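Contents: one structure, followed by commentary.
Computed from the coordinates by the stated procedures, all read-outs in this text should not be read as laboratory data. The shown structure was predicted, so the numbers you read here are calculated from the model rather than taken from an experiment. Positions of Cβ are backbone-derived with ideal geometry, glycine not excepted, and every protein chain shown enters the neighbour counts.
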Amino acid sequence: MELAERIAALVAPSLEALGYDLVRVLLQGRQNLTLQIMAERRDLAPMTVDDCAGISRALSALLDVEDPIASGYTLEVSSPGIDRPLTRPGDYERFAGFDAKLETGRPLDGRKRFRGKVLGLAAGGDEVRLRLDDGEELLVPLADVKSAKLILTDELLALARNQQEQ
């Protein structure tokens with residue numbers, strides 16, 4: 001298990017206890033290492049600066065005790081934002097109907113990068129359904145998804161506005 005996965009397994013229960021879901025753990029940099037913890041509220045309300053500060057305090061204490069990273073690092077806690085990454089199977093269902101960019105770890109139909117409308121998961125839940133810009137529907141095995149991210153569109157902005165008003 002790689003370090004980011006170990007850290008995710010370590011922090012996820014604490015986040016859940018605080019009322020948040022883990023979206024992503026990302027380690028960046030070589031000399032100045034940054035540990036990014038991306039979380040969202042379980043009630044799906046917009047994240048605030050106070051949310052991020054509370055998470056940072058709680059996880060700092062946990063990470064100090066468990067010490068999973070041998071060298072020094074900077075902890076960065078953030079929300080996924082509007083044009084968020086799609087990291088969990090449920091994200092593809094939740095954001096069905098929105099445009100996304102998706103990159104695979106191996107070529108599918110001769111390419112690794114795709115752009116289109118997310119249609120959710122295929123029956124069985126192990127493949128992402130994506131309607132490409134040319135109208136073709138593509139099934140991408142979740143295991144092959146290297147990265148996926150929503151594309152900022154008027155529809156996505158409208159969703160964010162509606163969530164803030166609630």
Note down the relative contact order for the chain as a percent, whole number, built from C-alpha pairs under 8 angstrom at least six residues apart.
-> 18 percent
So what are the ³J(HN,Hα) numbers for the stretch 95-112, from phi and the Karplus equation (6.51, -1.76, 1.60; θ = phi - 60°), rounded to whole Hz, Gly and Pro as x?
-> 10, 4, x, 9, 7, 8, 9, 9, 10, 9, x, 9, x, 10, 6, x, 9, 10
Which of (i) -0.92; (ii) -0.71; (iii) -1.13 gives log10 I(q)/I(0) by the Debye sum over Cα atoms at q = 0.15 Å⁻¹ as computed here? It is (i)
Compute the FRET efficiency between residue 134 and residue 36 as 1/(1 + (r/R0)^6), taking r as their Cβ-Cβ distance and R0 = 35 Å, and round to the nearest 0.05.
-> 0.55
Say each of residue 50 and residue 123 gets a label point 7 Å from the Cα, pointing the same way as Cα to Cβ; how far apart are those two points in nm?
-> 4.8 nm
Relative contact order computed over the stretch 89-165 (Cα-Cα under 8 Å; 6+ residues apart), in percent | 31 percent
At what distance in nm do the modelled label points of residue 162 and residue 76 sit from each other, each positioned 7 Å from its Cα along Cα→Cβ?
-> 3.1 nm
Stretched out fully, how many nm does the piece from residue 12 to residue 153 gain, at 0.36 nm a residue minus the Cα gap?
-> 47.7 nm
Whole-Hz couplings from phi, Karplus 6.51/-1.76/1.60, listed for the stretch 81-94; x for Gly and Pro = x, 5, 8, 6, x, 9, 10, 10, x, x, 4, 6, 6, 4
Rh by Kirkwood over Cα pairs, then Stokes-Einstein D for the stretch 3-78 at 1.306 mPa s and 10 °C, µm²/s | 127 µm²/s
Quick one: putting +1 on the C-beta of Lys and Arg, -1 on the C-beta of Asp and Glu, what dipole do you get for the chain around its Cα centre, in Debye to the nearest 20?
-> 360 debye
